[in-house]
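One structure is given here, and the rest of the page talks about it.
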Amino acid sequence: VPKHYRGARSAGMGGVLYTTGNYSEALFGNPARHSETDTWRVSLLGLSAEVNTNNLSTYSQISKLTSASGSGVISGASKFIGKNQHVRVQDVLAFYHPHLIGDLGFAAGIFFSTSTNLLIRYTTDVDAQLYADVGPTVGLSYPFFNKRLSLGTNLRAIYRVATDQTLSVLDFLTSGKKITLQSIGNQGTGADADVGAYYHVPWEPSFVRVALAASISNVIQSQYNLGGTAYVKKLGTNPPRNDRLYHVGFRLDFPDTWIIQAPLIGFEFQDYFASVKSVSWGKAIHVGSEVKLFRRILALRMCINQGYIAGGVGIDLPVLKIDAAT
C-alpha cells in the first residue's frame, strides 16, 4: 500500500503511527497528535532513506536494468525473479507547534518523497510501483473536554509523477519500453486530507495510562487530475491515487522506572477497507514499543510489523535527531 511518507521512528516500532506519531509522523499520520507533543520544533532537514537488502546487493545490476529496453529488460530481469527491489528517499522541511494560538496545534511544511518497488514475477512480468510526490502540507488540531480528546486534520497539495502497474513481457518486446518514470509514468496535481482523533481514557489504573486513536487517510482520494500539470514532457496523465484507509489503535504509557523513561506500547490495526490494494487482516496488525534512556536522549524500539520482528534506535540531541530502523 503506497504511503506519502514513512517515518524511521515508526518503522522501528513496527509501523505503529496513529497512536504514537509526533511532528512529521503526525503530519502524515494522525493529525490529532499535533496537540500531543511537548514543545515546538523546526525541521531544517528531515531527510531519510530506506532500502532493502535485495537492492543493496544488486544495485549496480538494477541500474543497468532501468536503462535497458526491449529484450534487454527481459534478459536482465530474469536474474531478479521473485526478489522485490525497494528504495525510498524523502525530505520534510517544516515547523511544528503544539500551542500556536491558545491550544491550537499547528504544523506546516514542504515535503518530497520518492519510492520504488520492483518485483520480477516468474513469468518475467515486471510489477512496477514508482512514486514521486512533492508539495506543501498543513496540519491543525485542537483538544476538547479538558484536553482529553484531540481532533485534527492534515491538508496537502501534491504534484505526483507515478506508475503502479504490471508490465508484461510483450510490453518490452513490442514497444521497447524501459523501466523508468519517463517511459511508463503519469503526472498530475491534486489535493487530499487526513482526519484523526486521539483520546485519553479517564478511568485508567495508576500503573498505566491508556489512549485510543482513530484516523482516516486520504479522505478525498485525489485523482490528481487538476489542470496545468504537464511539468514533465512525454508523461501521461492521471497517475495512480492513494487509497482512503481507516486506522484504529490503542496505546499504553507506563511510569518511569529506574533508568528507563517514557516506556510505551502501541497496538494498531491499519489500512482497513482498502479498495485499491488488497490487504489481509494479518497484515493490518502492528505492535510497537519504545523506552528512553539517559534523560531521554537515547530511544530503543522493538516491534512486530505485520508478523515480522523489527526494531530501531533513536538519538535526540538539542539540534540533531537521528533515527534508524531495520
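Where strands (runs of 3 or more DSSP E) fall entirely within the range 104-171, those with at least 2 residues that are of a type in the set (Lys, Arg) are at 149-167.
Ser183 meets all of the listed conditions (1) open to solvent by less than 60 Å² (accessible area, probe 1.4 Å); (2) out of contact with any Ser or Thr (no Cβ under 7 Å at 6 or more places or on another chain); (3) more than 30 Å from Leu252 (Cβ to Cβ); (4) modelled with pLDDT of 80 or more but one, namely (4). Screening Ser75 with (1) at negative phi; (2) modelled with pLDDT of 75 or more gives one miss only, at (2). Pairs linking a residue in the range 309-326 that is more than 23 Å from Leu93 (Cα to Cα) to a residue that is open to solvent by 90 Å² or more (accessible area, probe 1.4 Å), with Cβ atoms under 6 Å and 6 or more positions apart or on different chains, are Gly311/Met302. Within the range 126-140, the set of residues being among the acidic types (Asp, Glu) and crowded, with 19+ Cβ neighbours inside 10 Å comprises just one member, Asp133. Looking at (1) open to solvent by less than 40 Å² (accessible area, probe 1.4 Å); (2) at pLDDT below 80; (3) not aromatic (Phe, Trp, Tyr), can you tell me which one Thr189 breaks? Every listed condition holds for Thr189 apart from (2).
Cβ-Cβ distances below 6 Å connect the following pairs, each with a first residue in the range 77-102 that is closer than 23 Å to Arg6 by Cβ, a second residue that is charged (D, E, K, R), and a separation of six or more residues or different chains: Arg88/Glu50; Tyr96/Arg41. Looking only at the range 251-284, residues that are among the charged types (D, E, K, R) and more than 19 Å from Gly311 (Cα to Cα) come to 3 in all.
For the range 141-179, the set of residues classified as modelled with pLDDT of 90 or more and under 30 Å from Tyr231 (Cα atoms) consists of Thr153, Asn154, Leu155, Arg156, Ala157, Ile158, Tyr159, Arg160, Val161, Ala162, listed by residue number.
Within the set Leu264, Leu245, the sole residue that is at negative phi and modelled with pLDDT of 95 or more turns out to be Leu264. The listed residues are Ala284, Ala262, and the only one of them that is more than 15 Å from Ser10 (Cα to Cα) and either among the hydrophobic types (A, V, I, L, M, F, W, C) or open to solvent by less than 70 Å² (accessible area, probe 1.4 Å) (or both) turns out to be Ala262.
Summed over the range 101-125, residues that are closer than 20 Å to Gly46 by Cβ, touching a helix residue (DSSP H, G or I) at 6+ places or on another chain (Cβ under 7 Å) and open to solvent by 30 Å² or more (accessible area, probe 1.4 Å) total 1. Here Ala107 meets each of (1) under 30 Å from Asn84 (Cα atoms); (2) in contact with a Gly (Cβ under 6 Å, 6 or more places away or on another chain); (3) hydrophobic (A, V, I, L, M, F, W, C) with one exception, condition (1).
Quick check: anything in the range 29-52 at pLDDT below 95, out of contact with any Asp or Glu (no Cβ under 6 Å at 6 or more places or on another chain), in a helix (DSSP H, G or I) and among the β-branched types (Val, Ile, Thr)? Among the residues of the range 29-52, not one is at pLDDT below 95, out of contact with any Asp or Glu (no Cβ under 6 Å at 6 or more places or on another chain), in a helix (DSSP H, G or I) and among the β-branched types (Val, Ile, Thr), which makes the answer no. Applying the condition of being among the aliphatic types (A, V, I, L, M) and under 19 Å from the mean Cα position of the chain (by Cα) to the range 141-168 and asking which residue is surrounded by the most Cβ atoms within 10 Å (Cβ to Cβ) yields Ala162. Only one entry of Val291, Val276, Val313 meets the criterion of being open to solvent by less than 90 Å² (accessible area, probe 1.4 Å) and touching a Pro at 6+ places or on another chain (Cβ under 7 Å), and that entry is Val291. Taken over the range 201-234, the criterion of being crowded, with 18+ Cβ neighbours inside 10 Å and over 25 Å from the mean Cα position of the chain (by Cα) is satisfied by no residue. Scanning the range 262-276 for residues that are of a type outside the set (Gly, Ala, Ser) and in a strand (DSSP E or B) yields Pro263, Leu264, Ile265, Phe267, Glu268, Phe269, Gln270, Asp271, Tyr272.
Any idea which residue in the range 213-261 is farthest from Gly29 (Cα to Cα), counting only those that are among the polar types (S, T, N, Q) and assigned to a strand (DSSP E or B)? By that ranking, first place goes to Thr257.
Taken over the range 11-28, the residue count meeting the criterion of being of a type outside the set (Asp, Glu), closer than 22 Å to Asp192 by Cα and not in a loop (DSSP other than H, G, I, E, B) is 3.
The values are calculated or read from the model by the stated rules, or taken from the named source; none is laboratory data. The shown structure was predicted, so the numbers you read here are calculated from the model rather than taken from an experiment. Here the Cβ is made from the backbone with ideal geometry for all residues, glycine too, and neighbour counts use every protein chain on show. Please note that ligands, DNA and RNA were not included when accessible areas were found on the heavy atoms of the full protein model with its side chains. Shrake-Rupley method; radii C 1.70, N 1.55, O 1.52, S 1.80 Å.
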